[in-house]
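For reference, the structure is listed below as structure tokens.
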Amino acid sequence: MNNSQTLQASPPESTAISKDHSRLIQYLIFTMTAVLMLAPTLPIALQVFVDRPLYADGWHLTLANLAKLFGAAETYSVLKTTAIFALLTVLIAQIGGIAAALLIGRTDLPGRQAIGGVLMWPLYLSHLIFAMGFVIIYGPSGFFTQWVTQQFGGMPWNLYSVLGMSIVAGISQIPLAYLYCLYGAVRSVDPALENAARTVGAKPISVLLRITLPLMIPSIIASTALNLVIAVETLSIPLFLGGPSRIETLSTYLYHQGIAASSPDHGLIAASSLLLVVLVGSTLMIQRLLLKQGHRYETVKGKGARTSQLRLGALRWPLSILIGLALFFLIVVPILGVVLRAFTTFLSPLVAPWKMLTLKNFMSLFSSDVYVRAIENTFVISFFSATIGTILAALVALTIQRSNFRFAKTLEVFAYLPRVIPGMITGLGIFYAAIVFPPMALLRGNIWIIVVAYVMATLPLALGAIQPAVVQISADLDKAARTVGANWFTSMRIIVLPLLRSSMIGAFTLLFIFHLKSYIIAIFLIAPGLEVMGVSMLGLWTNGDVGMTAAFATLQMVLIALFLIATRLFFRVKLYD
């Protein structure tokens with residue numbers, strides 16, 4: 001036996017200890033992720049099959065909750081409305097997003113950078129603020145609706161309908177389809193294919209529809225599934241716009257049964273939640289099946305190609321003006337309506353807004369200890385949940401991609417599990433878990449219960465920002481560190497983590513903004529002292545205090561804008577380029 005064989009057979013004692021230390025860390029990451037993902041899920045599944053709330057003594061197993069859910073005619077009516085609303089929403093979002101990606105990414109449309117920037121605004125805002133803006137401007141008593149009624153003698157639209165709800169939700173989700181299609185396909189399409197079509201006389205629009213669009217199918221499928229999931233779980237838009245017409249979707253049904261009811265039916269809530277999870281899970285499974293043949297759409301090969309823009313010719317300016325007007329009336333005007341309403345006592349075309357200017361809404365907001373605490377809580381919760389979520393996502397990504405941990409695939413499944421659990425159900429699951437599991441009872445009554453819920457719900461979001469960056473870093477770097485004695489954890493900490501700095505800052509920014517505007521995850525966890533901005537706005541709106549709700553919304557928009565500017569100036573992080 002030579003010297004090298006001796007070294008392989010008998011590693012130094014220090015190396016063996018280091019290896020065990022790394023394995024221990026990997027098991028710790030696995031356990032934390034598994035507990036975080038399963039703790040809220042299991043109590044909901046159990047609540048479906050017991051005859052009374054989990055916190056009550058003497059419960060027995062039963063199928064009565066499922067029988068009650070599927071035996072009620074209201075369930076099928078709610079499911080039908082939810083399906084129509086979700087399909088219309090996805091249709092509007094996908095058409096808008098795909099068209100924007102094609103025109104902005106592949107043509108010489110004038111002002112495309114500005115158009116792309118404004119198109120992203122709804123992504124930075126919560127559905128709650130966007131719905132509020134539409135009610136203030138285009139609702140039955142809205143500013144623009146009243147003006148049109150005066151001029152033409154009637155109201156030409158009905159915002160409080162399934163179609164009205166779908167238009168608002170669809171516009172708010174256009175940025176998601178736009179981003180997926182722009183970065184996932186349009187900017188990756190081999191221009192040689194388009195140039196070949198043009199050499200045989202194809203017009204620009206024909207090239208976009210017959211060459212570029214079919215190559216976008218994987219991105220279209222992925223964004224369609226994601227938009228469908230968001231449409232099914234969205235709450236504020238059907239609550240604000242469907243409520244006056246008594247239109248009920250699955251999310252508002254859950255809200256009315258769980259939050260608005262004086263005596264919540266926990267069995268029915270859990271059964272409805274399970275139904276929602278099954279719908280979302282089925283959607284994502286269909287997406288996975290459809291993307292199995294994704295390699296058929298590969299166009300990027302080893303040989304690079306210079307992209308070129310398609311010329312729209314005489315259509316350039318008419319298209320640009322048309323898109324600009326649509327963005328102005330459908331995005332800019334509703335947001336301006338929220339801001340204007342925050343600074344006025346009343347908003348109507350019958351009275352000039354400058355005669356109604358006031359700071360009363362903001363003074364009322366800051367004179368309330370509850371609302372000031374909501375602002376403070378929102379910042380603290382957003383900061384800690386974004387920090388913990390980013391660190392956990394980085395550790396999970398490194399364990400999945402850069403280790404030989406035997407349960408790496410299972411860890412990946414756990415980490416992406418929240419994709420099939422809507423945010424409202426996550427909050428409900430954490431609520432049950434804090435009742436059922438004694439260790440989690442320590443979280444009750446303090447903000448950490450919301451931090452845990454946010455970290456769980458948004459782990460896939462952070463992982464989606466960090467995991468691709470890990471894949472792009474050559475494994476040779478950490479292998480080099482291992483050859484000089486560093487263990488797995490040391491090589492990750494010294495070599496890989498510093499290279500992930502930009503993607504981790506991007507993930508933190510994404511999570512912080514998402515948590516700052518979020519309300520649906522915390523809705524089942526709110527208690528005196530745990531108020532957050534989003535849920536406080538929802539309460540103010542349902543109590544009819546439009547002025548203070550608008551002031552809260554304006555403050556939130558300003559905070560998000562300042563945070564985005566700060567991250568761009570200090571860390572050079574751009575969520576959209």
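The values are calculated or read from the model by the stated rules, or taken from the named source; none is laboratory data. Predicted model only: the values in this text are computed from it and were never measured. A quick note on method: Cβ atoms are made from the backbone with ideal geometry, for glycine too, and the neighbour counts reach across all protein chains shown. Just the protein is used for accessible areas: all its heavy atoms, side chains included, with ligands, DNA and RNA removed. Shrake-Rupley method; radii C 1.70, N 1.55, O 1.52, S 1.80 Å.
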Given the condition open to solvent by less than 10 Å² (accessible area, probe 1.4 Å), of a type in the set (Val, Ile, Thr) and out of contact with any His (no Cβ under 9 Å at 6 or more places or on another chain), answer yes or no: does some residue in region 158-173 qualify? no
Residues (surrounded by 16 or more Cβ atoms within 10 Å (Cβ to Cβ) and out of contact with any helix residue (DSSP H, G or I) (no Cβ under 6 Å at 6 or more places or on another chain)) located in region 465-487: Ala486
Of all the residues that make up region 256-272, how many are at pLDDT 80 or above and open to solvent by less than 30 Å² (accessible area, probe 1.4 Å)? 7
Contact list please: Cβ distance under 6 Å, first residue in region 145-169 and of a type outside the set (S, T, N, Q), second residue in a helix (DSSP H, G or I) and open to solvent by 50 Å² or more (accessible area, probe 1.4 Å), pairs at least six apart or on different chains. Met155/Thr149; Tyr160/Pro244; Tyr160/Ser245; Val162/Ile84
Can you pull out the residues in region 263-285 that are closer than 18 Å to Ile523 by Cα and β-branched (Val, Ile, Thr)? Ile269, Val277
If we scan region 22-44, do we find a residue that is assigned to a helix (DSSP H, G or I) and over 28 Å from Pro438 (Cα atoms)? yes
Looking only at region 459-505, filter to residues that are among the polar types (S, T, N, Q), without any contact (Cβ under 8 Å) to a residue 60 or more places away in the chain and assigned to a helix (DSSP H, G or I); which one of those is farthest from Arg572 (Cα to Cα)? Thr483
Of all residues in region 513-523, which are of a type outside the set (A, V, I, L, M, F, W, C) and open to solvent by 30 Å² or more (accessible area, probe 1.4 Å)? Lys517
For Val558, state whether it is part of a helix (DSSP H, G or I) and not aromatic (Phe, Trp, Tyr). yes
Lone unmet requirement of (1) surrounded by fewer than 20 Cβ atoms within 10 Å (Cβ to Cβ); (2) closer than 30 Å to Ala131 by Cα for Thr458: (1)
Identify, by number, the condition in (1) open to solvent by 30 Å² or more (accessible area, probe 1.4 Å); (2) in a helix (DSSP H, G or I); (3) of a type in the set (A, V, I, L, M, F, W, C) that Ile526 doesn't meet. (2)
Quick check: anything in region 540-551 closer than 16 Å to Leu128 by Cβ, out of contact with any Phe, Trp or Tyr (no Cβ under 9 Å at 6 or more places or on another chain) and open to solvent by less than 50 Å² (accessible area, probe 1.4 Å)? yes
Please report, ordered by residue number, the helices (runs of 4 or more DSSP H) entirely within region 80-153 with at least 2 residues that are touching a helix residue (DSSP H, G or I) at 6+ places or on another chain (Cβ under 9 Å) and open to solvent by 30 Å² or more (accessible area, probe 1.4 Å). 112-119, 121-124, 143-152
Search result, residues across region 47-79 that are surrounded by 11 or more Cβ atoms within 10 Å (Cβ to Cβ) and in contact with an Asp or Glu (Cβ under 7 Å, 6 or more places away or on another chain): Trp59, Thr62, Ala64, Val78
